[in-house]
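Scroll down for the structure; my scribbles are underneath it.
The values are calculated or read from the model by the stated rules, or taken from the named source; none is laboratory data. Since this is a predicted model, take the numbers as computed values, not measurements. No Cβ is skipped: glycine too gets one built from the backbone with ideal geometry, and neighbour counts run over all protein chains shown. Heads up: the accessible areas ignore ligands, DNA and RNA and are worked out on the full protein's heavy atoms, side chains in. Shrake-Rupley method; radii C 1.70, N 1.55, O 1.52, S 1.80 Å.
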Amino acid sequence: MKILYVSTEALPFASTGGLGDVVGSLPGAVKKQLGEGSDVRVVIPMFPVVKEKYMDVLTLEAETYITLSWRRQYCGIWSTEKDGVKFYFLDNEFYFKRPSFYGSFDDGERFAFFGKAVMEFMACVNFFPDVLHANDWQSATAVIYLKRKYSSIPGYDSIKTLYTIHNIEYQGIYDFSILADVFELSEWDRSVVEYNGAINLAKGAITVSDKVSTVSEKYAEEIMTPFYSHGLSHILHSCRDKLCGIVNGIDLEYYNSENDPSLRYHFSADNLAGKAKNKALLQERCGLPVDKNIPVIGMVSRLAAHKGFDLICRVIEEMLCNDKAQFVLLGTGDHAFESYFRGLAERYPDKFCAMIEFNKDLSKLVYAGSDMFLMPSKSEPCGLAQMISSRYGTVPIVRETGGLYDTIKAYNKYDGTGNGFSFTNYNAHDMMAVVRDAIELYSHKRKWTALMKQVMAVDFSWDVSAGKYIDLYKSMCK
């Protein structure tokens, strides 16, 4: 079987969050299960971070020019190999040499170029997959172009497409005035991408793809409702026969408390001494009192309302005043949240630390040094942080939504089962109640240690999920 993953991110080469984690590890897991007879490849843009860090391991495969409407742009095709998977990088500095991956005024044109370049790249390297697996709206044009412009060309005509929704909030919406000029689509294509009087690339990919998946079973149910779908619920209802949910996994080698190079002290479920040292190091790094008897509640997240930070803002000062706990926050995002948490850290320097930055290595220390990990999301398609924190013996506290519902089962104080704490209603005081339950259990060291070991024992590897993707690929190719 031949599979091509199309994405804008893939660890370790270029990543801003969960999408990069998934595309960096899922192809390797699929390759491992399919065996040597398979051919699994990934293609992403050549962002500056790739050139800065990995140029010495890349090989120039080909150079070509891509036409997009009236434009004719250079495209260099570079490659390297990781875990038996070939990774390709499409180089065009005009579109991809930017300070950040996303957020430019011409993102529509940038990712239209990327989708068209993916089509031409397949011919350049003579690789026509059985399945093209596109991820999120930035890769939607690859699916749309394949089905609307290339499907009658030999080589392209037998490619099946899977479109994965990692977060339905982001859809690639543009004015119809640029349909032909930027997206090189005709009036014949209008009905495919039209939604609410505008171009909607995610809707187009959902409509024309052979299968649609999302990143957890619960989220697949949720996005069929208006509350979670950001307007696309009835489109998904019309495509419900081709929609499924497969929960993400994580790379167990990259997130490994026993040998993580980002950590000064390593540990395992059988020897937790290193975790206590990481906790002391985190407290010291954050300017908090070093005290093993005070639980540290960590948060690593983009600072956005749908991540539950409005709930945290509602009750955090009450908890800082009344509860025996320390809070550590790492992340960037909404300016209002950044300002609020900076001010909170100034007012409560002995109990709250706000590190307003994106720092992958520092995030590992927060995961490893915290006792609990707070994730009260309003919506969470899958969530990786709750699984990552579990790998480091840090007990998740989550709201029951999306992948958080699928991966974290509430602790039962009567029989000791479960792998975290959870609440159902999107309510600040419900959240506070379960945080206080966790703090209370922390005071019972024997029970807490047993829960930590249970949490670390949960298998969040890609093995099961990769098998489900393989079954899906095979069903598409029958």
Q) From the cross-link list 82/445; 203/478; 97/364; 32/413, which pairs have alpha carbons spaced over 32 Å apart? A) 82/445; 32/413
Q: Compute the relative contact order of the range 392-478 as a whole-number percentage, counting only Cα pairs closer than 8 Å that sit 6 or more residues apart in sequence.
A: 27 percent
Q.
Let me spell out the model: positive unit charges on the Cβ of Lys and Arg, negative unit charges on the Cβ of Asp and Glu, origin at the Cα centre of the range 91-229. What dipole size does that give, in debye rounded to 20?
A. 200 debye
Q: Show which aspartates and glutamates lie in cross-link reach of residue 160 when reach means a straight Cα distance below 13 angstrom and same-chain residues fewer than eight apart are skipped.
A: 130, 210
Q: At most 10 other Cβ atoms within 10 Å and a DSSP loop assignment: could you name the chymotrypsin sites (Phe, Trp or Tyr not before Pro) in the range 99-151 that fit?
A: 105
**Q.** Rounded to 5, the percent of DSSP beta bridges in the chain classed as antiparallel
**A.** 30 percent
Q: Give the label of the value calculated from the structure for Cα extents along the principal axes in Å, choosing from [x] 66, 45, 41; [y] 64, 61, 40; [z] 62, 53, 49.
A: [x]
Q) Would you list 59, 207 from the most to the least accessible area, probe 1.4 Å? A) 59, 207
(Q) Report the gain in length on full extension from residue 322 to residue 339: 0.36 nm times residue separation, minus Cα-Cα distance, nm rounded to one decimal. (A) 3.8 nm
Q) Averaged per residue, what accessible surface does the range 1-66 expose to a 1.4 Å probe, in Å²? A) 37 Å²
Q: Report the accessible area of residue 100, computed with a 1.4 Å probe over the heavy atoms of all protein chains in place, in Å² rounded to the nearest 10.
A: 60 Å²
Q. Carbon and sulfur atoms: what percent of the 1.4 Å accessible area of the range 3-116 do they account for?
A. 51 percent
Q | Dipole of the chain [Lys/Arg +1, Asp/Glu -1 at C-beta], most positive-end residue of 78, 348, 311 | A | 348
Q. For the range 427-478, with every protein chain kept in place, what is the accessible area per residue (1.4 Å probe, Å²)?
A. 50 Å²
**Q.** Percentage relative contact order, the chain, counting C-alpha pairs under 8 Å, at least six apart
**A.** 12 percent
Q. Using the Karplus equation 6.51 cos²θ - 1.76 cosθ + 1.60 (θ = phi - 60°), what ³J(HN,Hα) coupling, rounded to whole Hz, does each residue of the range 313-320 give in order, writing x for Gly and Pro?
A. 4, 5, 10, 4, 5, 4, 6, 5
Q. For the range 25-31, in order, what is each residue's ³J(HN,Hα) by Karplus, 6.51 cos²θ - 1.76 cosθ + 1.60 with θ = phi - 60°, in whole Hz (x at glycine and Pro)?
A. 10, 4, x, x, 5, 5, 4
Q. In square angstrom, what is the accessible area per residue of the range 87-197 with a 1.4 angstrom probe?
A. 37 Å²
Q. Carbon and sulfur together cover what percent of the accessible area of the range 219-376 at a 1.4 Å probe radius?
A. 50 percent
Q. Looking at the range 1-93, which chymotrypsin sites (Phe, Trp or Tyr not before Pro) are in a loop (DSSP not H, G, I, E or B) and have at most 13 other Cβ atoms within 10 Å?
A. 70
Q: List the aspartates and glutamates whose Cα lies under 12 Å from the Cα of residue 307, skipping any in the same chain that are fewer than 8 positions away.
A: 334, 380
(Q) Give the separation of the Cα centroids, the range 52-75 to the range 96-168, in Å. (A) 15 Å
Q | Low-density loop cleavage sites - chymotrypsin sites (Phe, Trp or Tyr not before Pro) in the range 380-438, where at most 13 other Cβ are within 10 Å (DSSP) | A | 414
Q | Pairwise label distance in nanometres, residue 105 with residue 409, each label 7 Å out on the Cα-Cβ vector | A | 5.4 nm
(Q) Please list, ordered by chain and number, the residues whose modelled amide H lies under 5 Å from the amide H of residue 380; skip anything fewer than 5 residues away on the same chain. (A) 402, 403
